[in-house]
1. Specify the residue that is surrounded by the fewest Cβ atoms within 10 Å (Cβ to Cβ); the eligible residues are those in region 96-108 that are within 14 Å of residue 32 (Cβ to Cβ) and in contact with a helix residue (DSSP H, G or I) (Cβ under 9 Å, 6 or more places away or on another chain).
2. Can you pull out every residue in region 163-190 that is touching a strand residue (DSSP E or B) at 6+ places or on another chain (Cβ under 8 Å), within 19 Å of residue 245 (Cβ to Cβ) and part of a loop (DSSP other than H, G, I, E, B)?
3. Going by what's in this entry, would residue 106 be described as within 21 Å of residue 131 (Cα to Cα), in a loop (DSSP other than H, G, I, E, B), touching a residue at least 12 places away in the same chain (Cβ under 8 Å) and within 17 Å of the chain's Cα centre (by Cα)?
4. With respect to residue 116, is the statement that it is part of a helix (DSSP H, G or I), over 17 Å from the mean Cα position of the chain (by Cα) and surrounded by 14 or more Cβ atoms within 10 Å (Cβ to Cβ) true?
5. Out of the residues in region 131-157 meeting the condition of being surrounded by 23 or more Cβ atoms within 10 Å (Cβ to Cβ) and more than 18 Å from residue 178 (Cβ to Cβ), tell me which one is modelled with the lowest pLDDT.
6. Is it the case that some residue within region 68-84 is under 19 Å from the mean Cα position of the chain (by Cα) and farther than 30 Å from residue 113 by Cα?
7. Checking the condition touching a residue at least 24 places away in the same chain (Cβ under 8 Å) and in contact with a strand residue (DSSP E or B) (Cβ under 9 Å, 6 or more places away or on another chain), which residue from 207, 251 passes?
């Protein structure tokens, strides 16, 4: 089983996770820029974070034979902080980088006017740079959030076929599917989706334009949830081709629209900017 996790925050994970993911079949990941938990207080802190997504994390992933790409954006939660808004003016310098395969995560958290403006601006940036967009649908009041998201997408210059609506569930899947966007589902230990619910949705709606991710981050999460979904799909009668479509070909097709997806893992230098993943050795 080959697995492409299309939404995972490896900045928050350990090298043990990379090792376990490789053993489970993960061969590629996309890491979206997101809120780190601790509020950022200046635009320059985003620059260092974006640098790590383009340098240190691909270096770490390559040590375990995993291709690493990222998406870059001002996330919805921090779009509400005036101290962070200047990042929007800086994003074009990052969106031309080779490993950036989408604009994201963008979308809604609390559905504020500030989030409206940031979403509209970043959908335009995606259109301007020929990139798809990874859109975070809110965790609260999900159906209203989805509808507000779709209104923003339809008002933008970006076609729905270039938009991935993430964090969907049973309450939002119907309208999301009808929109023409791609469908993203996050599988989590306690919140969002679980394996059984995910497989039930795949039975009901089919594997077309569906991406399954772990969204693993600094909270209680599991970077092997994609594999667990694949195993349950097989146990519930899906074919190996169905599993490959959901866990590999669909994310390759979506992020491949960027023209920047490189799935072969090249050998790296022993260190990245003088640092290695090793401690206590030569």
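The values are calculated or read from the model by the stated rules, or taken from the named source; none is laboratory data. Remember, predicted model here, so these are calculated numbers, not experimental data. Positions of Cβ are backbone-derived with ideal geometry, glycine not excepted, and every protein chain shown enters the neighbour counts.
1. To start, the set of residues in region 96-108 that are within 14 Å of residue 32 (Cβ to Cβ) comprises 99-107.
Still in the running and in contact with a helix residue (DSSP H, G or I) (Cβ under 9 Å, 6 or more places away or on another chain): 99-104, 106-107.
Values: 99: 21, 100: 25, 101: 27, 102: 30, 103: 31, 104: 28, 106: 30, 107: 31.
In this case the residue turns out to be 99.
2. 168, 181
3. Values: within 21 Å of residue 131 (Cα to Cα): yes; in a loop (DSSP other than H, G, I, E, B): no; touching a residue at least 12 places away in the same chain (Cβ under 8 Å): yes; within 17 Å of the chain's Cα centre (by Cα): yes.
Considered against the rule, which asks whether it is within 21 Å of residue 131 (Cα to Cα), in a loop (DSSP other than H, G, I, E, B), touching a residue at least 12 places away in the same chain (Cβ under 8 Å) and within 17 Å of the chain's Cα centre (by Cα), residue 106 comes out as no.
4. Numbers: part of a helix (DSSP H, G or I): yes; over 17 Å from the mean Cα position of the chain (by Cα): yes; surrounded by 14 or more Cβ atoms within 10 Å (Cβ to Cβ): yes.
Yes: the conditions hold for residue 116.
5. Here the answer is 136.
6. Restricting attention to region 68-84, the residues satisfying the condition of being under 19 Å from the mean Cα position of the chain (by Cα) are 68-79.
Among the residues that remain, those that are also farther than 30 Å from residue 113 by Cα are: 68-69.
Yes; the residues of region 68-84 include at least one that is under 19 Å from the mean Cα position of the chain (by Cα) and farther than 30 Å from residue 113 by Cα.
7. Details: 207 fails: in contact with a strand residue (DSSP E or B) (Cβ under 9 Å, 6 or more places away or on another chain).
Going through 207, 251 in turn, the sole match is 251.
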